[in-house]
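Just so it is clear, none of the values below were taken in a lab; they were calculated from the coordinates. Being a predicted model, the structure only gives us computed values, none of them experimental. Note that each Cβ is placed from the backbone with ideal geometry, even for glycine, and that neighbours are counted across all protein chains shown.
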Amino acid sequence: MERLGPWVPDRAGMSPVALAVSGGGDSLCLAWLASLWRKNLLALIVDHGLRKDSAEEARLTARRLQALHIPSRIITLTHLSKGSGIAERARSARYVALRQACYEAGCTDLLLGHQADDQAETVAMRQRAGSGCDGLAGMASVTALPEVRLVRPLLGFSRDALRQTLREQQIEWVDDPSNEDLTAERVRVRTAFRRDSTSRTAGWVQAAQQGSLRMVRETERIAALAQQSALLPYGWAIAGETLPQPENLSLLIRAVGGLIYPPSVAAVEQLYLRHCEATLAGVQLVRHKTQWFLIREAAAQQGPVALADRAVWDNRFRVSLPAGLDGGEITVAAAGFGLAREQRCGWPARFCATLPALWRGGQRIAVPHIGLCDDPVLQNIRLIFAPPVPAGGRTVYDPVCPVSP
């Protein structure tokens, strides 16, 4: 843990270190180990609401954490529904909820229970998807997001070792039945590894070797990206007169799309080689005047979110309300089309359609990024572009200073 620091001092009055605890063997072992390391902890339990027993399992996990003297908070998701891509949708929603909970609690570090078998499975899946060298490096021990660090202390330990630790401590855990669902790619890879431990070990070794090389590549890549590209407060990116190399283009797509993970290397390489306007991972590559831009795909944007301080819309914009202001019946949603040319500050209509706007009763009442607001009460509301993972390019986030096209 010392190697993965620095850490907030472990004393009363300081922000706790957060833990994501599902109740399974990995995360519960993480919680037990963390309880031996420090006292000031906060466990976050996300109930996806997708199984009939999930609420009771969340409460059971909270009781087990209480026995370890770890305070916990249950976060219930209500907007997920079963169907296509549920694993990815659930993961994305979980990370949004965890980041928001950390922000509200003032936690700057979030511990995750990913372990060596998860790492080997991830490497195998990315290898099949053609993720390139960075993908084969697997998950990083520390990932710095704008508001919180994701820290994975258990990547050097196997799933079996963690469960054996819990057995010796006589601590029970919850087994999620979805972990045996062979329709999921990760479960199929896991099943194959059970039959071939040599492949699993090779995945661990490959991830470690590629991880060291990735650090060197990222340093060089970020320097090049900062020279050519910029993120704008509107949630768009200027990619330059010529497109960045696929590795850098992928980082910009991740930021503009509000993604935790970048799109596949193969897909980005195809986009780069076509060198024409196209859509990938909820992001549009468009040409405006002499520059390439990346803007959000309007159809992929999140629906309305209630206006509240610290609320997050589209996994990219954080609401900041003046003290004492109540959002009432106002929601945050995409501005959409219909803004007059003189209101768009010179930007194309398809750009401005993706901006966050304030709505009331089905009427658009403000678009803060272009200064459109007739109600003085709402003029100090800020919708701050804060993608979950920084792109590494120059960043111009402050919407108080409009940027000219």
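The table below gives the values:
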| quantity | calculated |
| --- | --- |
| Sequence of Trp7, Trp37, Trp313, Trp173 once ranked by neighbouring C-beta atoms within 10 Å, starting from the fewest | Trp37, Trp7, Trp173, Trp313 |
| Spacing of the two label points (7 Å from each Cα toward its C-beta) at Ala266 and Glu329, in nm | 5.1 |
| Projected label distance in nm at Leu50 and Glu88, using a 7 Å step from Cα toward the beta-carbon | 1.3 |
| Three-way shape call for segment 302-387 based on the alpha-carbon gyration tensor, with the a/c threshold at 1.5 | prolate |
| Potential lengthening between Arg188 and Ile74 on full extension [0.36 nm per residue; Cα-Cα distance subtracted] | 38.0 nm |
| Sequence ranges 74-81, 42-49, ranked by mean other-Cβ count within 10 angstrom, highest first | 42-49, 74-81 |
| Fewest-first sequence of Ile260, Ile365 by Cβ atoms within 10 Å of each Cβ | Ile365, Ile260 |
| Residue-span extension gain [His288 to Met1] - 0.36 nm each, minus C-alpha spacing | 98.5 nm |
| From phi via Karplus (6.51, -1.76, 1.60), per-residue ³J(HN,Hα) for segment 73-79 in Hz, x at Gly/Pro | 9, 8, 10, 9, 8, 10, 9 |
| Nonlocal amide H pairs with Gly240, under 5 Å, H built at 1.01 Å | Trp292 |
| Chain lengthening between Glu147 and Ala349 when straightened (0.36 nm per residue, less Cα-Cα) | 69.6 nm |
| Rounded to whole Hz, the Karplus (6.51, -1.76, 1.60) HN-Hα couplings of segment 114-125, x for glycine and proline | 4, 10, 4, 5, 4, 4, 4, 5, 4, 4, 4, 5 |
| Normalised contact order of segment 302-387, rounded percent, pairs of Cα under 8 Å and 6 or more residues apart | 30 |
